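Heads up: the structure comes next, in structure tokens.
The values are calculated or read from the model by the stated rules, or taken from the named source; none is laboratory data. The model shown is predicted, which means the values in this text are computed figures rather than measured ones. All Cβ positions, even for glycine, are placed from backbone atoms using ideal geometry, and neighbour counts span all protein chains on display.
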Amino acid sequence: MADKKDAVQMEQLWTNARLATMADDGLGLIENGVVAANAGRIVYAGPAESAPAVAATITDCQGRLVTPGLIDCHTHLVHGGNRANEWAMRLEGATYEEIARAGGGIVSTMRATREASKADLVASALPRLDALIAEGVTTIEIKSGYGLSTEDELKMLRAARALADHRAVRVEPTFLGAHALPPEYQGDSDAYIDLVCGEMIPAAAPLANAVDAFCEGIGFSPAQCARVIEAAKAHGLSIKLHAEQLSALHGSALAARHGALSADHLEHATEDDVRAMAAADTVAVLLPGAYYFMRETKLPPVDAMRRHGTRIALATDNNPGTSPTTSLLLMLNMGATLFGLTIIEALRGVTVNAAAALGLGAEVGTIEPGKACDLAIWNVSEPAELVYHIGFNPLHQRIKDGQ
Ligand code: DI6
Ligand code: FE
């Protein structure tokens, strides 16, 4: 009688891999590892000795490092236009807040986004998405937040979802209606929050997985963000929050109290904020591209995060105002050089912890049986090399759902 292992014919095997599975606490390194997949799901990941030997397709990784497909868990990838000219003004001395108050900033991207059709938004986002895909990204979060009207916010969410029809990538859309005050509500931010909670969130609920808000002096108050969070929860949506980027309003602790998946930015977070996040397992999403591009000097409290056991993720925050980067590999390097993350922290930040920041911990982020077979195969053997290079892309091959 055939042994069970032979009876279940594997579809795919990747052999001779240096696996960084990200399982457990570290990198989960397995020398001479094998990954087996059926129907796009991992069925085995471990040493060659106990691995299935027969499969329809066998790929010899020739000793290459294999990580989970990378996850960019915070982006504003869909947006109209760019703000290179505003940046030029900043180089001449204007501050981000001054430009925002003068009708530039987020509102100028709002105008360009409102003018764009859904097809225009997809077309302008595709080259940015391709840059991320070329670095091994298999899952990406994309926020709305530049439409700021019900119709234009829905258009952004639909454009985000449509990207997954054009490329083999998992897109997690997040509704960020409370990103900035649109000009038609100037002077009455509470009325805009009424619209966000009463009309936009119910309309966006079928298109989004999570709701985010910009909790900041130039954004919305903690009380307004709490209203957005309540409305999101009433519609069964997960919570994320932009918090503590420019000032300490303690939005991160507010988010944690509401069981948020993540609080993001966090340069100004306090020890109490970080403790609250750890207690709720709210992931700290650090965005070194925005810190760098804004020439910030206040570092996020990484040591406090370590002490309290707050999980840390890293993302591009790709957006036209504060982080015009499409390189998650560069964020690995900046997370280490600017924020002092270790190699393990940086790499877990774009895999397992980024998955947790999206509520996808059971689906992606590690190389373990039961998860989607999303892999990045690298022309390096040492994990540190993925963090060390600046502007060099060693991707050999990217696998999404076994393909
Ligand atoms: N924080 C950011 O860094 C971006 N949004 C946010 O809430 C900036 C968005 C922009 O300037 O267009
Ligand atoms: Fe952001």
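Could you tell me which of the residues ARG90, ARG83, ARG114 is within 13 Å of ligand 1 (Cβ to nearest atom) and free of Cβ contacts under 8 Å to residues at least 40 places away in the same chain?
Testing whether each residue is within 13 Å of ligand 1 (Cβ to nearest atom) and free of Cβ contacts under 8 Å to residues at least 40 places away in the same chain leaves just ARG90.
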Inset, instruction - For residues that are in a helix (DSSP H, G or I) and within 15 Å of ligand 2 (Cβ to nearest atom), tally how many sit in the range 229-242. - result: 0
Legend entry - Residues of the range 117-140 satisfying the condition of being within 16 Å of ligand 2 (Cβ to nearest atom) and either aliphatic (A, V, I, L, M) or touching a Pro at 6+ places or on another chain (Cβ under 8 Å) (or both): ALA125, LEU132, ILE140
Inset, instruction - Test ALA355 against the stated conditions and say whether it is touching a Cys at 6+ places or on another chain (Cβ under 6 Å), surrounded by 24 or more Cβ atoms within 10 Å (Cβ to Cβ) and outside any loop (DSSP other than H, G, I, E, B). - result: no
Inset, instruction - Of the conditions (1) within 16 Å of ligand 1 (Cβ to nearest atom); (2) modelled with pLDDT under 95, SER381 clears all except one; give me its number. - result: (1)
Inset, instruction - Taking LEU287 as the residue in question, decide whether it is within 25 Å of PRO68 (Cβ to Cβ) and within 16 Å of ligand 2 (Cβ to nearest atom). - result: yes
Legend entry - Checklist (1) within 16 Å of ligand 1 (Cβ to nearest atom); (2) more than 17 Å from LEU157 (Cα to Cα); (3) crowded, with 21+ Cβ neighbours inside 10 Å; (4) among the small types (Gly, Ala, Ser) applied to ALA253, failing item: (1)
Inset, instruction - Kindly list, by first and then second residue, each pair from a residue in the range 212-226 that is over 12 Å from VAL196 (Cβ atoms) to a residue that is more than 8 Å from ligand 1 (Cβ to nearest atom) and of a type in the set (Ser, Thr, Tyr), limited to pairs with Cβ atoms under 7 Å and residues at least 6 apart or on different chains. - result: GLU216/SER247; GLY217/SER247
Legend entry - For ILE218: the one exception among (1) at negative phi; (2) touching a helix residue (DSSP H, G or I) at 6+ places or on another chain (Cβ under 8 Å); (3) within 16 Å of ligand 2 (Cβ to nearest atom); (4) at pLDDT 95 or above: (4)
Legend entry - One residue from LEU266, LEU246 being within 12 Å of ligand 1 (Cβ to nearest atom) and at positive phi: LEU266
Inset, instruction - Collect the residues in the range 72-100 that are assigned to a loop (DSSP other than H, G, I, E, B) and either within 13 Å of ligand 2 (Cβ to nearest atom) or under 24 Å from VAL283 (Cβ atoms) (or both), keeping them in residue-number order. - result: CYS73, HIS74, THR75, HIS76, LEU77, VAL78, HIS79
Inset, instruction - Starting from the range 247-265, keep only residues that are free of Cβ contacts under 8 Å to residues at least 12 places away in the same chain and part of a loop (DSSP other than H, G, I, E, B), then list their pairs with residues that are within 15 Å of ligand 1 (Cβ to nearest atom) and of a type in the set (A, V, I, L, M) whose Cβ atoms are within a distance under 8 Å, requiring at least 6 positions of separation or different chains. - result: none
Inset, instruction - Tell me, please, whether a residue that is modelled with pLDDT under 95, over 30 Å from GLY402 (Cβ atoms) and either among the hydroxyl-bearing types (Ser, Thr, Tyr) or assigned to a helix (DSSP H, G or I) (or both) can be found in the range 108-117. - result: yes
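For the range 355-403, name all the residues that are polar (S, T, N, Q) and either more than 14 Å from THR67 (Cα to Cα) or within 18 Å of the chain's Cα centre (by Cα) (or both).
Answer for the range 355-403, where residues must be polar (S, T, N, Q) and either more than 14 Å from THR67 (Cα to Cα) or within 18 Å of the chain's Cα centre (by Cα) (or both): THR366, ASN393, GLN403.
Could you list, in sequence order, the residues of the range 266-278 that are touching a residue at least 24 places away in the same chain (Cβ under 8 Å) and in contact with a helix residue (DSSP H, G or I) (Cβ under 7 Å, 6 or more places away or on another chain)?
Selection gives LEU266, GLU267, ALA269, GLU271, ASP273, VAL274, ARG275, ALA276, MET277, ALA278.
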Inset, instruction - Mind listing just one residue for me: the one in the range 160-200 that is of a type in the set (A, V, I, L, M) and in a loop (DSSP other than H, G, I, E, B) and, of those, farthest from ligand 2 (Cβ to nearest atom)? - result: ALA168
Inset, instruction - Check whether at least one residue in the range 185-206 is within 14 Å of ligand 1 (Cβ to nearest atom) and either more than 24 Å from the chain's Cα centre (by Cα) or buried (at least 16 other Cβ atoms within 10 Å of the Cβ) (or both), and report yes or no. - result: no
Legend entry - Sole residue being modelled with pLDDT under 95, more than 16 Å from ligand 2 (Cβ to nearest atom) and either within 29 Å of ILE367 (Cα to Cα) or surrounded by fewer than 24 Cβ atoms within 10 Å (Cβ to Cβ) (or both), chosen from ARG295, ARG307: ARG295
